[in-house]
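Asks: Once you've had a glance at the structure underneath, I'll fire off some questions.
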Amino acid sequence: MDLKKKDVAELLSVSIHTIDQLIAEGALPTYTLSGEKRFNRQEIEEWMLKMLQEHKVNLPFGEASGDASPWQQYGLYRAIHKGDVICELEGASKEEIIHNVMYQTADQLGLDAEAVSDLLLERENLMPTALGDGIAVPHTRELLLGGLFDAVVIVFLKKPIDWGALDNQPVHTLFFLFACDDKRHLNLLAKIAHYVSSGEAKRTLQDKPSREVLLEDIKRWETNIKRSCAVL
């Protein structure tokens, strides 16, 4: 899928000036078609995930301020509310955990558990989705949800396991991400990374809170983000 600079700016919720800076620095994967800079959506996602894993970029959260900002429109709170929070999930391997999660949640999301498990594992084989600090964001390379909703399933593992993280820390918390379009997918991926980067959120996740407690924490966090965006 070919994207123009305007498309990538909207996907990442940043200004075109920021995209131009990233291109000039050689930081953003791009190619030239008919004399114009173009981008591949999957390459942009992999670049973004790699930068987050290596802590090389602090995405300009809320840079595209205003009522139309995707940061404000597409709430992590709503995605988790549509999804689920699973505590003390058992599993001795990445494969077992992914299958266990999908067989618990696929029906409510209208997905085929076996097919989605295969897609999630295919994505992990291409590039592990661990962000570091015990957090991973399993997702597929394909958009699977129909309609106008996104879903995030948060899983607290009974026993942390190796997820191929660059910091070599075992993963204890997983954010399974399912979105209905490219823009919402990338924005939710960045939003999850932004949330889990704070010390307060890390402590909250370590405590394996209930669905109600976690949703309230996410809602409070997003409210604060919206307030900060409003003054940009």
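Asks: Rounded to the nearest 5, what is the percent of antiparallel bridges among the DSSP beta bridges in the chain? Write out the running numbers ahead of the final one.
Replies: Values: 14 of 20 bridges.
About 70 percent, rounded to the nearest 5.
Asks: Apply the Debye scattering formula to segment 2-53, with a single equal point scatterer on each alpha-carbon and no solvent, then give log10 I(q)/I(0) at q = 0.21, 0.27, 0.32 Å⁻¹.
Replies: So the normalised log intensities are -0.71, -1.19, -1.52.
Asks: Add +1 for every Lys or Arg and -1 for every Asp or Glu among the other residues with Cβ under 14 Å from the Cβ of Ala115, and state the total.
Replies: Spelling it out: positives minus negatives among the neighbours equals -4.
Asks: While we're on this one: Shape call for segment 133-225 from the C-alpha gyration tensor, a ≥ b ≥ c root eigenvalues: rounded (a/c under 1.5), prolate (a/b greater than b/c) or oblate?
Replies: Oblate.
Asks: Something else now. Which one, Glu222, Glu90, Glu36, has the greatest fluctuation when you compute a Gaussian network model over the chain with C-alpha springs under 10 angstrom?
Replies: Looking only at Glu222, Glu90, Glu36, the biggest GNM fluctuation is shown by Glu36.
Asks: Follow-up question, since we're still on this one. What angle do you read, to the nearest 10 degrees and between 0 and 90, between the alpha-carbon axis of helix 41-53 and the longest principal axis of the chain?
Replies: Rounded to the nearest ten degrees, it is 70.
Asks: Using +1 at the Cβ of each Lys and Arg and -1 at the Cβ of each Asp and Glu in the chain, identify which of Cys180, Pro160, Ala9 lies farthest towards the dipole's positive end.
Replies: So the residue we want is Ala9.
Asks: If one takes the longest principal axis of the Cα atoms in the chain, at what angle in degrees, from 0 to 90 and to the nearest 10, does the Cα axis of helix 94-109 lie?
Replies: Orientation of helix 94-109: about 80 degrees from the principal axis.
Asks: With the cut-off at 31 Å, tell me which of the pairs Lys5/Lys50; Lys37/Lys183; Lys6/Lys208; Lys6/Lys50; Lys37/Lys82; Lys37/Lys94 have Cα atoms farther apart than that.
Replies: Too far apart for the 31 Å limit: Lys6/Lys208; Lys37/Lys82; Lys37/Lys94.
Asks: Oh, and also: Going by average Cβ neighbours within 10 Å, how do the peptides 47-54, 6-13 rank, with the highest at the top?
Replies: Numbers: 47-54: 17.8, 6-13: 20.1.
Sorting 47-54, 6-13 by mean packing, highest first, produces 6-13, 47-54.
Asks: Further question: Distance from the Cα centre of segment 83-156 to that of segment 3-52, in angstrom?
Replies: 27
Asks: Using the Cα centre of segment 2-53 as the reference point, and only Cβ charges (+1 on K/R, -1 on D/E), how large is the resulting charge dipole? Debye, rounded to the nearest 20.
Replies: For segment 2-53, the charge dipole is close to 80 debye.
Asks: Restricting attention to the alpha-carbon atoms of the chain, what are Rg (one decimal) and Dmax (integer), both in Å?
Replies: Taking only Cα atoms of the chain, I get Rg and Dmax of 17.2, 53 Å.
Where a number appears in this text, it was derived from the coordinates with a stated rule and is not lab data. All figures in this text were calculated on a predicted structure; none of them were measured in a lab. Note: ideal-geometry Cβ built from the backbone for every residue, glycine included; neighbour counts use all protein chains shown.
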